[in-house]
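I have placed the structure first, in the form of structure tokens, so that the comments after it can refer back to it.
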Amino acid sequence: MWKGRAAFSVYVPPHRLTHRVASVQDTTTAGNVVLVVLVGGLTLAWTATYVGRVVSKDMTYVKQLDAYEQAVMAKRLEELPETELSQLLGEVDAERLRREKKDSSKPQE
């Protein structure tokens, strides 16, 4: 799932955090502060992972769309008549040769 990404997590038991906050404020305010810190921290962590998946395009929709496009192209390739397939392969080879020739004529830096 993580594919080499490091997952960092800092866990402070709520009773310890409440105790530290309670030493300065009353217990009701301390509980509210703990709740805000924990929920805010979890929200930020989830948002960061979501943004990371969006940027890396590691989302279920993108994977399904890629699989669908591959299946459609494979089906179209199967349905092509032999003459059109050989013509298409000839065009692809000609384009590849043209690009190789163009790349080899460029001066290398």
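Mind checking the full-extension length gain between residue 66 and residue 104? Use 0.36 nm per residue of separation minus the Cα-Cα distance, one decimal, nm.
Extra length from residue 66 to residue 104 when fully extended: 10.4 nm.
Compute the signed sum of charges (Lys and Arg +1, Asp and Glu -1) over the other residues within less than 14 Å, Cβ to Cβ, of residue 84.
-3
Taken together, the values in this text are just the output of simple stated rules run on the coordinates, not laboratory data. Because the structure is predicted, anything quoted here is derived from the model rather than measured. Using ideal geometry, Cβ is built from the backbone for each residue, glycine included, and neighbour counts are taken over all protein chains shown.
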